[in-house]
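To keep things clear, I will list the structure first and then write my remarks on it.
The values are calculated or read from the model by the stated rules, or taken from the named source; none is laboratory data. Source: prediction; values computed, not measured. Cβ atoms come from the backbone with ideal geometry, glycine included; neighbour counts cover every protein chain shown. All accessible areas refer to the heavy atoms of the entire protein, side chains included, with ligands and DNA or RNA removed. Shrake-Rupley method; radii C 1.70, N 1.55, O 1.52, S 1.80 Å.
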Amino acid sequence: MRPINLYLPESIAEATGARRALVGSAENITGLHLGKVALITGGSAGIGGALARLLALAGARVMMVARRESELEAARARIVGELEDIGFAGVERRVRILGGIDVANLDSLRLAVDETVRAFGRIDYLINNAGVSGAEEMAVDMNVDAWRHTQYANLISNYALMHMVVPMMKAQGSGYILNVSSYFGGEKFLAVSYPNRTDYAVSKAGQRAMVESMARHLGPEIQINAIAPGPVDGDRLAGLGGKPGLFERRGRLILENKRLNAVHAAVVKAVRRGEPVAGILGRLARNDTVQLSHDKSVPAELRELALACAREGDETCSWDRFLLTPPLAAKLTGRLKLGGWLIGTDWAARAETEWLLRVPPDDQPWLPVAQIAREAAKVRAGVLSQLHLGKMPTETEVAQATVFFLADRAVSGETFMPSGGLNVERSTTERELFGSPKAERLEQMAGKTVWLIGEHLTDYVAAAADALLGCGVANVVLMARTAQGAAAISSAVGDGGGRVQTLVIGEAIEDTLDEALVRWGPPTTIVSTPLAPLPDRLFEGSDSLDGAGFAEVVDTNLTHHFRVARKASLFDHCQVVLVSPDVPMGQGGGPAFALANFVKTTLHAFTATIAVENERLVHDVPVNQINLTRRVRSEEPRGDAEHAEEVRRFARAVLLAGAPLPDAEDSRYRARVYRGMSITV
């Protein structure tokens, strides 16, 4: 194939905006991409489609894989047509597609790699672009299957494909892996909260963290980097296939969550006053704002809410006449069940759906269209105000910047932001352990119950238990995966005077937490630690960590904390502390060290996001994080004395992050800053 420059005919340049960015360094870029083979997941539309087109224009051979073959065929036809118009020959052979690829399925990913090698003989670029938008709901409303699907599609798929192509790239002496993350996955040492998108934020932070922590294990043959665009102006933003665009979806979600949170708060406040929850739900089943607002037997909290909602009508929707829709009613009872509020009632065994006696009519919108538009406009204006450039780039502009980024042969382990970056209103950075909790905070723990969840970090969990017992707590409940783990931790705890209890975690950790709730009452503090050590392997050797093994790492260190925190977020007067994994002495700098830093960075996206979400819930549960692995290998403990010091620091961090917070009225600053923290000991 002859070298080409990247001059595009005026008609194509006008349509794509490509000429302006590509002309100038055309010869250098062309020489670097010419003849390369790129495997692009999710290449049928959006950034992936634009990137496939520009790489093909630069002389690369491209395999685009995605779920929908019809969309791939349309994208390929556009690319082939453009290249043939310019004068390329043999384009049909250089641009291939493979439909039916589900990136959440490991076997499907293997097929994508095998077919690319069969077509082109090698893979030079792996571009992990495919993914899903996630559940788009608050963490407390998200089920575990939805969470796991997002992690498989957006995060685990990236590692699984890397594991498949790394040996090939090493053998051929070169390769480039690019993860398409998002600005909402944060930056180095900084987490960005993304409310209503916890699963997505975690997956995108993980894509970035993977690059930062694993780059040194792939060089010198292989580069790995990420791009993290902010909102991109294109088809996905506007909406595909008749679906609403991003801003409209966000507007709807904001209104629905405001209503759900208001109803949930009214129910909880009434229960706190002594009203039976079953009776409250029985009255709420009428789902009629007029009846509820005038019935004196209805708890005051619900009457006042129903009256306020009845005043919000605009005669174009049923928002003012019905408090809930069936999906929101299911989420409400789901929250009450998950939080243990229905234990001991017949509602505990009831289905979460179809309990409303009246539902909004199908022939009329429930949400007010004008309010959706106002909320969507607020979201759009807020995004634009935070963008450094004051505008959203197009998909083609992001692809153009990425083509240049791919041509840089002197960078690895970095994240490039083609949207120019964002000015976030609230972010959380990693910080060192500093200070100790005030005595008045610790005094509030006297006579309370605390839960410690763990298995293998025996000395850390035992030290935390001793510190909490020293505060006068009534019960320390140790929950472990096995009876042996529980016994080991219990025996390492000092004299608890009968205050140390143990439970073995069953098939579902939620059931174990419910059992503890029934036996010892609600906890004031929950400390959740990983239930298994990290593997000390990545890509090398016959016993390398494959996609299934990496999925287990994600489940043990991220999904586990999600399950604990989403349930605990529905308790009253509770503090949650999530702990990232430790690396045993002597393993610093190895694969386990890389995985530990991957987890701590990725987990922080969850910690920061759920901390903000919880401020919108009636329980207002603070969530913070403690890290047992440092960024710098030389700072890891090197002997028993230094390890013992780290254990003591951990116990102090548990008290700092786990003691009850001051009320916002007492200290707005402290009440706000002790949320979403990531403390490294």
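In table form, for the structure just shown:
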| read-out | value |
| --- | --- |
| Unsatisfied cross-links (Cα-Cα over 25 Å) in the set Lys567/Lys600; Lys258/Lys378; Lys331/Lys567; Lys204/Lys269; Lys204/Lys391; Lys331/Lys600 | Lys204/Lys269; Lys331/Lys600 |
| Cβ charges +1 (Lys, Arg) and -1 (Asp, Glu), total dipole of segment 51-135, debye | 160 debye |
| Size of charge dipole - the chain - debye, nearest 20, with Cβ of Lys, Arg +1 and Asp, Glu -1, no other charges | 760 debye |
| Rounded to 10°, Cα long-axis angle of helix 106-120 versus longest principal axis of the chain | 10 degrees |
| With eigenvalues of the C-alpha gyration tensor scaled by 5 and rooted, segment 455-587, Å | 28, 18, 13 |
| Inter-label distance for Glu69 and Asp408, nm, one decimal - labels placed 7 Å from Cα along Cα-to-Cβ | 4.0 nm |
| Reduced Cα scattering model of the chain, Debye log10 I(q)/I(0), q = 0.06, 0.10 Å⁻¹ | -0.38, -0.99 |
| Estimated FRET transfer efficiency when R0 is 45 angstrom, pair Arg358-Arg118 (beta carbons, to 0.05) | 0.15 |
| Accessible area of segment 555-667 belonging to carbon and sulfur atoms, whole % at 1.4 Å probe | 45 percent |
| Distance in nm between pseudo-label sites at Asn105 and Ala532 (7 Å out along the Cβ direction from Cα) | 2.4 nm |
| Helical mean residue ellipticity (222 nm; -39500 (n - 2.57) per DSSP H run of 4+; nearest 500) of the chain | -14000 deg cm²/dmol |
| Helix 509-520 axis, angle to the chain major axis (alpha carbon atoms, nearest 10°) | 20 degrees |
| Average accessible surface area per residue within the chain, 1.4 Å rolling probe, Å² | 39 Å² |
| Ratio Rg/Rh, restricted to segment 463-521 and using Cα atoms, in which Rh is the Kirkwood radius | 0.97 |
| Sulfur and carbon atoms: percent of accessible area, segment 285-422 [1.4 Å] | 55 percent |
| Alpha-carbon centroids, segment 65-128 and segment 139-187: separation in whole Å | 19 Å |
| Filtered trypsin sites (Lys or Arg not before Pro), segment 286-373: DSSP coil and at most 10 other beta carbons within 10 Å | Lys296, Arg311 |
| Per-pair calculated FRET efficiency, R0 = 30 Å: Ala381 and Asp314 via Cβ, rounded to 0.05 | 0.85 |
| Tilt relative to the chain, helix 369-386 - C-alpha long axis, 0 to 90 degrees, to 10 | 70 degrees |
| Accessible area of segment 201-278 belonging to carbon and sulfur atoms, whole % at 1.4 Å probe | 50 percent |
| Mean projection area, nm², convex hull over Cα of segment 109-183 | 5.9 nm² |
| Estimated FRET transfer efficiency when R0 is 22 angstrom, pair Val504-Ala349 (beta carbons, to 0.05) | 0.35 |
| Nearest-20 debye value, segment 75-125 charge dipole, Cβ charges on Lys, Arg, Asp, Glu | 120 debye |
| Inter-part distance where segment 630-650 and segment 604-622 are each reduced to a Cα centre, Å | 30 Å |
| GluC sites (Glu not before Pro) lying in DSSP loop within segment 231-315, provided at most 12 other Cβ fall within 10 Å | Glu315 |
| Loop sites in segment 457-540: GluC sites (Glu not before Pro), DSSP, at most 10 other Cβ within 10 Å | Glu507 |
| For the chain, the longest site-free run once chymotrypsin sites (Phe, Trp or Tyr not before Pro) in DSSP loop states with at most 16 other Cβ atoms within 10 Å are removed | 435-681 |
| Length gained when the stretch Glu552-Ala446 is fully extended (0.36 nm per residue, less Cα-Cα span) | 34.4 nm |
| Under 14 Å, Cβ to Cβ, from Ile156 - net charge with Lys/Arg +1 and Asp/Glu -1 | -3 |
| Lys170 accessible area, assembled protein chains, probe 1.4 Å, Å² | 50 Å² |
| Bridge type composition, segment 361-520 - antiparallel percent by DSSP, nearest 5 | 10 percent |
